[in-house]
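Written below as structure tokens is the structure these notes are about.
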Amino acid sequence: MSKLRVCSGADAVKAFRKMGYEVDHQTGSHIILRHPSLRRLTVPNHRELAKGTLRALIREAGLSKEQFEELL
């Protein structure tokens, strides 16, 4: 099992944009991303995302940790 490296909210948004998500809007420090299949992700725009939060976002997007690392 590979370890997730530390990444910021902006880095996570860039990775999710590569797989088809687009920025819908931002509310406070949370960036809302939408996918054409109507899925939605809420990414905190923090310097460092908590490991559990990042893991949950990856799972919601339907990716494995390895696939997400490749997108980074």
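The values are calculated or read from the model by the stated rules, or taken from the named source; none is laboratory data. Quantities reported herein were computed from a predicted structural model and do not represent experimental measurements. As a convention, Cβ positions derive from the backbone with ideal geometry for all residues, glycine included, and neighbour counts pool all protein chains shown.
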Within the set of pairs 6+ apart or on separate chains, which have a first residue in segment 4-29 that is farther than 16 Å from Glu70 by Cα, a second that is in a loop (DSSP other than H, G, I, E, B) and hydrophobic (A, V, I, L, M, F, W, C), and C-beta atoms under 7 Å apart?
Gly9/Leu49
Restricting attention to segment 15-30, does a residue exist that is at pLDDT below 95, exposed (fewer than 13 other Cβ atoms within 10 Å of the Cβ) and hydrophobic (A, V, I, L, M, F, W, C)?
no
Counting just the residues of segment 33-57 that are within 10 Å of the chain's Cα centre (by Cα) and without any contact (Cβ under 8 Å) to a residue 12 or more places away in the chain, which one comes out surrounded by the most Cβ atoms within 10 Å (Cβ to Cβ)?
Thr53
